[in-house]
Amino acid sequence: MKVNKKSNPEPVNAYKILKIRKGQIIMTDIISFSPSPSIFGFGSIKQLPEVLASNNYKKLLIFTDTQIAKSGILQIVLDLLEGSIEYEIFSAVPPEPHSSDMDKQKDRLGSGYDALLSLGGGSVMDFAKAMSIIMTHEGSLGDYLGEGLVPGPVVPIVCVPTTSGTGSQSTQTTVFTIEGVKRGVSSEYIRPVFSVVDPELTIELPPMVTRNSGYDALMHACESFMARPSSQVPDRPIRYQGSNPFSRALALEAFSHIWRSYKPAIYEGKNREARIGMSIGAHMAGMAFSHSGLGLVHALASSLGGMVDAPHGICLAACTRIGLQYNFEYCEKGFAVLDGIIADIEEISSQPSGKRFLDRLQQLINDVAMPSRPSELGIGKGDAEKLMENTLVQTRRIQTNPRPLDDGLLNYIKEGI
Ligand SMILES: [Fe+2]
């Protein structure tokens, strides 16, 4: 329940954000803040058996993919679990899964598991969350599409992420493609019960995976920080409740870690400091946006992701210009706050500005050779209406976008393609 609702969303006001930092604002919203417990640090994976035992789990179903199985990471985990817990393994999780990939496994996997252990990146975590729903409740995934439609508790999910990007170990959403559009199921019932986040597991990640997943984390921090204030977001059955003091603090700290570590992690994969920075940044950004929600860049990228065969991070890069320019007048001062963090990291003394933040982001996209327009992924101006139409169904993201969506968005899409 919230009070003091305003019917007309207003621009995010960076001055108010600074006042909050000084403790001068009286908070009038009721905010729910309940992140999943986690263990973080180099070598923390060794604590996995102990944490599983403390939850009294006796039988696990482990989800992973062929890459993780080949990399040796699966074997590391199995060696740790040997003799302490019974387990079965499903190692065929596909990248960017479709709802049918999960639905067809519903009756093939066994039963009687105390928990599902996800060992992998975003796709593996999304797969495990989706399976937890249909292994517990009747029907197929499509029955639960949207927010708050999972009817009750599911088999508990434990996450061991092996990338620094999605932050799914912290969130209450699973994302998959259904009928050609990336959609999600969001429910507090599918928030993982705990995660073990060990940056050492990311050391061998290839540069392209580091780049694509890392950009996702960067956008989580950015869009979470700029999300519509919670006082202007209607009550929802999940905690995408708009920007609030908890989420903003996490998003700003996450943004700082990620900006500092992103390029070193891509180009010097064994740089431990950079891997730690990316892991903690992605984890904090997941905690932030799972309590605030995201915005238009994610809505557009989800739409684009259903139209082209490209990773989520690539789609985000291609949609960044359109999404942030559409939001610019609502976010200029907030963008300047983020530009100030960059200036601090890069020791630049000039006055921070919102415009310069957008320029820096485009420069970063160019530097790491990601697409900066949907046309670079094969989308033409004739696809603008479809891109818009598939964006409008992303209500999870649109409800927390700083600027309400109007017909003017189509022009931004046409120009940005
Ligand atoms: Fe994302």
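The values are calculated or read from the model by the stated rules, or taken from the named source; none is laboratory data. Bear in mind that the values here come from a model prediction, so they are computed numbers and not experimental data. Neighbour counts run over all protein chains shown; Cβ positions are idealised from the backbone, glycine included. For accessibility, only protein heavy atoms count, side chains too; no ligands or nucleic acids. Shrake-Rupley method; radii C 1.70, N 1.55, O 1.52, S 1.80 Å.
Restricting to region 378-410, name every residue that is part of a helix (DSSP H, G or I) and either open to solvent by 50 Å² or more (accessible area, probe 1.4 Å) or acidic (Asp, Glu) (or both).
Restricting attention to region 378-410, the residues satisfying the condition of being part of a helix (DSSP H, G or I) are 381-392, 395-398, 409-410.
Once the filter is applied, which keeps residues that are part of a helix (DSSP H, G or I) and either open to solvent by 50 Å² or more (accessible area, probe 1.4 Å) or acidic (Asp, Glu) (or both), region 378-410 yields Lys381, Gly382, Asp383, Glu385, Lys386, Glu389, Leu392, Thr395.
Rundown of residues vs (1) free of Cβ contacts under 8 Å to residues at least 24 places away in the same chain; (2) within 11 Å of the ligand (Cβ to nearest atom); (3) farther than 14 Å from Leu387 by Cβ, yes/no style:
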position: Glu273; (1), (2), (3): yes, no, yes
position: Gly277; (1), (2), (3): yes, no, yes
position: Ala288; (1), (2), (3): no, no, yes
position: Ser292; (1), (2), (3): no, no, yes
position: Val297; (1), (2), (3): no, yes, no
position: Leu304; (1), (2), (3): no, no, no
position: Val308; (1), (2), (3): no, no, no
position: Arg321; (1), (2), (3): no, no, no
position: Asn327; (1), (2), (3): no, no, yes
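Among the residues of region 353-369, those that are among the small types (Gly, Ala, Ser) and open to solvent by 30 Å² or more (accessible area, probe 1.4 Å) comprise Ser353, Ala369.
Test Ala317 against the stated conditions and say whether it is touching a residue at least 40 places away in the same chain (Cβ under 8 Å) and either within 12 Å of the ligand (Cβ to nearest atom) or under 15 Å from Ser170 (Cβ atoms) (or both).
Working: touching a residue at least 40 places away in the same chain (Cβ under 8 Å): yes; either within 12 Å of the ligand (Cβ to nearest atom) or under 15 Å from Ser170 (Cβ atoms) (or both): yes.
So Ala317 fits the description; yes.
Yes or no: region 164-171 includes at least one residue that is assigned by TED's automatic domain parsing to the domain that holds Ile68, within 12 Å of the ligand (Cβ to nearest atom), in contact with a helix residue (DSSP H, G or I) (Cβ under 8 Å, 6 or more places away or on another chain) and open to solvent by 10 Å² or more (accessible area, probe 1.4 Å). Yes; the residues of region 164-171 include at least one that is assigned by TED's automatic domain parsing to the domain that holds Ile68, within 12 Å of the ligand (Cβ to nearest atom), in contact with a helix residue (DSSP H, G or I) (Cβ under 8 Å, 6 or more places away or on another chain) and open to solvent by 10 Å² or more (accessible area, probe 1.4 Å). Within region 237-244, does at least one residue satisfy the condition of being open to solvent by 20 Å² or more (accessible area, probe 1.4 Å) and away from the ligand (no atom under 16 Å from the Cβ)? Yes. Residues in region 199-232 that are in contact with a helix residue (DSSP H, G or I) (Cβ under 9 Å, 6 or more places away or on another chain) and not in a helix (DSSP H, G or I) were compared, and the one that is least open to solvent (accessible area, probe 1.4 Å) is Ala227. As for region 336-345, it holds no residue that is open to solvent by 20 Å² or more (accessible area, probe 1.4 Å), assigned to a loop (DSSP other than H, G, I, E, B), at pLDDT 95 or above and closer than 30 Å to Pro245 by Cβ. Screening region 133-148 for residues that are part of a helix (DSSP H, G or I) and among the hydroxyl-bearing types (Ser, Thr, Tyr) and picking the one that is most open to solvent (accessible area, probe 1.4 Å) gives Thr136. Taking first residues from region 377-391 that are closer than 19 Å to Ala317 by Cβ and partners that are open to solvent by 50 Å² or more (accessible area, probe 1.4 Å) and modelled with pLDDT of 95 or more, the Cβ contacts under 6 Å between residues at least 6 apart in sequence or on separate chains come to Ala384/Lys414. For region 249-294, the set of residues classified as touching a Leu at 6+ places or on another chain (Cβ under 6 Å) and open to solvent by 40 Å² or more (accessible area, probe 1.4 Å) is empty.
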